[in-house]
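S.K.: There's a structure below that I have some questions on.
The values are calculated or read from the model by the stated rules, or taken from the named source; none is laboratory data. Given the structure is predicted, the values throughout are model-derived calculations rather than measurements. Every residue, glycine as well, gets a Cβ built from its backbone with ideal geometry; the counts of neighbours run over all protein chains shown. Heads up: the accessible areas ignore ligands, DNA and RNA and are worked out on the full protein's heavy atoms, side chains in. Shrake-Rupley method; radii C 1.70, N 1.55, O 1.52, S 1.80 Å.
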Amino acid sequence: MLKLKIRMTNGGTYDDEFENVSEFVSLMLDDFPPMDDADEILDVEIDGEKYEFSGTANELYYELVNKK
């Protein structure tokens, strides 16, 4: 499970969950991704463990792709 806390460019925040990292990566490539590339990622949890990350959704995407 991948859990994210996200701050949108308009300042609003929300939580989002994905079945796994692969689902997040796949959905970010979709025509209608689950979040904007510029949205700030405030908190990341992968399989119940906090994942240290600071940056945007786009940066998280590239970090997770290169981690595999």
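S.K.: Kindly indicate whether Tyr51 is free of Cβ contacts under 8 Å to residues at least 12 places away in the same chain and either among the basic types (Lys, Arg) or open to solvent by less than 60 Å² (accessible area, probe 1.4 Å) (or both).
M.R.: It is true that Tyr51 is free of Cβ contacts under 8 Å to residues at least 12 places away in the same chain and either among the basic types (Lys, Arg) or open to solvent by less than 60 Å² (accessible area, probe 1.4 Å) (or both).
S.K.: I've got another one for you. Give the stretch 16-68 a look and list any residue that's among the aliphatic types (A, V, I, L, M), touching a helix residue (DSSP H, G or I) at 6+ places or on another chain (Cβ under 6 Å) and part of a loop (DSSP other than H, G, I, E, B), or say none.
M.R.: If the condition is that a residue be among the aliphatic types (A, V, I, L, M), touching a helix residue (DSSP H, G or I) at 6+ places or on another chain (Cβ under 6 Å) and part of a loop (DSSP other than H, G, I, E, B), then Met35 is the only one that fits.
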